[in-house]
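The values are calculated or read from the model by the stated rules, or taken from the named source; none is laboratory data. This is a predicted model, so every value here is computed, not measured. Glycine also receives a Cβ, built like all others from the backbone with ideal geometry; neighbour counts cover every protein chain displayed. For the accessible areas, the whole protein counts, side chains as well, though only heavy atoms, and no ligand, DNA or RNA atoms are used. Shrake-Rupley method; radii C 1.70, N 1.55, O 1.52, S 1.80 Å.
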Amino acid sequence: MSLQNTLSQHIKAAFNSLYQSEIERIEFQATRKDFEGDITVVTFPMLRLVKMNPVQLGEQLGTYLLAHSDEVVSFNVVKGFLNLVLSDTYFLSVFKTINSDPKFGFVNPSPTDAVMVEYSSPNTNKPLHLGHVRNNLLGYSVAEILKASGKKVYKTQIINDRGIHICKSMLAWQRFGQDQTPESTGLKGDKLVGNYYVKFDQEYKKEIESLEQKGHSKEEAKANAPLLLAAQEMLRKWEAGDAEVVALWDTMNQWVYSGFEVTYKNLGVNFDSYYYESQTYLLGKSFIEEGLKKDVFFRKDDGSVWCDLSDDGLDEKIVLRADGTAVYMTQDIGTAVQRVKDCPDISAMVYTVGNEQDYHFKVLFLILKKLGFEWAQNLYHLSYGMVDLPSGKMKSREGTVVDADDLIVEMTTTAKVISQDLGKLDGYSENEKNLTYKTIGLGALKYFILKVDPKKSILFDPEASVDFQGNTGPFIQYTYARIQAILRKASINESVISDDLKLTEKEKSVLKQLQLFPQIIQQAASQYSPALIANYTYDLVKEFNSFYQNISILGAENTALMHFRVQLCSAVGTTIKNAFSLLGIQVPERM
């Protein structure tokens, strides 16, 4: 039973005994640093049940707890706040619980309560870039956090492998590629295809300029440029199943898939299943007919089908064109239903998609509810802000994006330069150094992105992210490595912890932070926010470093105390490692 639950029972008993009154909810908070105490009871909300001065109420409750609770050894009252000081025995019992469970805070996944998390979902006309990196890191981390909170989790993505943007790359390769392949160029397949997406845009702009010089308006030039008309014709041929176009489409997409897999492996993310837009874009059409029968949708005079959401504060949304072809909304309806068919134990779905699609997902979720799907009550759009650079926004078609593979290399190089300057890895073999540089670089990248609330935009600064001081991945990794050095030097096996130990405030502060981990995991899962895990870990590291700098560990006054402090270090290290695993970050044993 948690401390709050135990104290709540005592406070409820106090209300019954002292005031013959029932109290349902009791508010706790951490005691402010400038007051003595380990946990604080807020008495102001209680005054509606007991008409008295808040200080008097605090004094009476504190006296009762002192007499009836083994956990409380003293108290003080500051205005409406009852600050409780807890016994060393209580903190030692907390430590024993934490120390006995190497996965403290993790809940075994349910075999039935499943959540599907979608992330990545790229287009197959370009390599993954910095924006995709944030998407992948968020989706992967949320999936891991949900799993740790007790959910069964499926990780998936839908690959956008059809449409005019794909045909642009294909056409540019046909016109300008000279039969280049990933093998002949030495390029990853996604990079090769991405180069031709950029090439299309360059040639398209030349054609627009030429048409404008001949007297066409800009709008006319854009619409009638021969290259665009050829791409549109290629799309029509693909949709008609033209063998030559489909063969080229299949070849170039395979190049891209192979490239993506390399990036995913380097980034440390994975998936349980893949969905492809080319296979799902017709799925939702049957549900449109069903929705028409239920009056969820209506048909306009031109034959197009719409959903009127004005009563829900939104507007009309098209779900089927006049010519009977599907739109993205149709596809997403069908894909959601298909996923539940594929995994019948799904009770919720999380879509990791940028905030420019906020409206789309409001509409999608609402339509699915109107169609009567029970699981539609548990759909969540993990909306996130963009990642910008000091130089401004990225544009794929102009080739001004930060390529994900290049970014990983840059982060590793930055970690190498800073580590060498600081002399952090002196004495390592070259292989050990290179592995550690990558661990530090990737850890810096992931932590920099995940410590920010998903809804906020990020201005990414690679060098600042690899700082070995402050709220950064390398700072936390270095603390973990320092702990491992202590454990190697101590080289003791776990021993029984005496109940008679007297603890310092620094030790108690570390234990209080460790005790919060299960609660933080559940909060992060309910809010779909890896930032809560990241910043919790930073707070834990700050508490540990304060303990490390002020308390002698290996030079403790006696063996029993030394053993306790070494095991406390071990518990902190284990929690750092477990917390970072939820962020997809590795920790080095030496650094």
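In the chain, the longest principal axis of the Cα atoms and the axis of helix 164-176 are about 60 degrees apart.
Pairs of Lys residues in the range 224-302 are counted when their Cα atoms are under 22 angstrom apart and they lie 8 or more places apart or on different chains; the count is 4. DSSP finds beta bridges in the chain, and of those with both partners inside it, around 50 percent are antiparallel.
I'd like the orientation of helix 243-267 relative to the chain: the angle between its Cα long axis and the longest Cα principal axis, in ° from 0 to 90, rounded to 10. So the helix axis and the longest Cα principal axis differ by about 20 degrees. Report the calculated FRET efficiency for Leu554 and Gln4 (r = Cβ-Cβ distance, R0 = 51 Å), to the nearest 0.05. It comes out at approximately 0.90.
Length available on full extension from Asp101 to Glu589: 0.36 nm per residue minus the Cα-Cα distance, which gives 173.6 nm. Expressed per residue, the C-alpha convex hull volume of the chain stands at 211 Å³.
Computed from point charges on the beta carbon alone (+1 for Lys and Arg, -1 for Asp and Glu), the dipole magnitude for the chain about its Cα centre is near 600 Debye. Distance between the 7 Å Cα→Cβ label points at Ser110 and Ser74: 4.6 nm. Annotation note: trypsin sites (Lys or Arg not before Pro) in the range 403-506 located in DSSP loop regions with a Cβ neighbour count of at most 11 within 10 Å are Lys456, Lys502. Answer with one residue from Tyr538, Met234, Gly324: the one whose Cα lies farthest towards the positive end of the charge dipole of the chain, charges on Cβ with Lys, Arg +1 and Asp, Glu -1. After comparing all options, I get Tyr538. Note on the range 435-591: Rg/Rh from C-alpha atoms, Kirkwood Rh, equals 1.00. Averaged over residues, the count of other Cβ atoms within 10 Å places the peptides 333-342, 582-591 in the sequence 582-591, 333-342, highest first.
When you work out D = kT/(6 pi eta Rh) for the range 417-492 at 25 °C and 0.890 mPa s, using the Kirkwood radius from C-alpha pairs as Rh and the Stokes-Einstein form, the result is 180 µm²/s. Excluding Asn558 itself, what net charge comes from residues whose Cβ is under 14 Å from its Cβ, given Lys and Arg +1 and Asp and Glu -1? Overall, the nearby charge balance is 0. Taking all protein chains together, Tyr437, Tyr328 sort by accessible area into Tyr328, Tyr437, largest first [probe 1.4 Å]. Applying both filters, DSSP loop and at most 15 other Cβ atoms within 10 Å, to the trypsin sites (Lys or Arg not before Pro) of the range 160-228 gives Lys214. Global dimensions of the range 1-93 from alpha-carbon coordinates: Rg and Dmax equal 12.3, 38 Å.
Annotation: extensible slack from Asp500 through Phe298 equals 65.2 nm (criterion: 0.36 nm per residue apart, minus Cα-Cα distance).
Modelled spin-label separation between Thr89 and Asn378, with each label point placed 7 Å from Cα along the Cα-to-Cβ direction: 4.3 nm.
For chymotrypsin sites (Phe, Trp or Tyr not before Pro), the sites in the range 1-89 that DSSP calls loop and that have at most 15 other Cβ atoms within 10 Å are Phe35. Would you please give the FRET efficiency between Asp272 and Tyr19, computed as 1/(1 + (r/R0)^6) with r the Cβ-Cβ distance and R0 = 60 Å, to the nearest 0.05? Plugging the Cβ-Cβ distance into 1/(1 + (r/R0)^6) gives 0.65. Rounded to the nearest 0.05, the FRET efficiency derived from the C-beta distance between Ala464 and Glu183 at R0 = 45 Å is 0.70. Relative to the longest principal axis of the Cα atoms of the chain, helix 559-582 runs at roughly 20 degrees. Taken over the range 280-393, the alpha-carbon convex hull comes to 136 cubic angstrom per residue. Before anything else, pin down the relative contact order of the chain: Cα pairs under 8 Å, at least 6 apart, normalised by residue count, whole percent. Here the relative contact order equals 14 percent.
Assuming a ≥ b ≥ c are the square roots of the Cα gyration tensor eigenvalues, decide whether the range 230-324 counts as rounded (a/c under 1.5), prolate (otherwise, with a/b larger than b/c) or oblate. The shape class here is oblate. Residues Ser120, Ser258 ordered from highest to lowest accessible area at a 1.4 Å probe: Ser258, Ser120. Within the same chain, aspartates and glutamates fewer than 8 places from Lys147 are excluded, and of the rest, those with a Cα less than 18 Å from its Cα are Asp101, Asp113, Glu118, Asp272, Asp345. When each of the peptides 574-580, 241-247, 301-307, 366-372 is scored by the mean number of other C-beta atoms lying within 10 Å of its residues, the order from highest to lowest reads 574-580, 366-372, 301-307, 241-247. Summing charges over neighbours of His381, with a neighbour being any other residue whose Cβ is under 9 Å away from its Cβ, gives 0 when K and R count +1 and D and E count -1.
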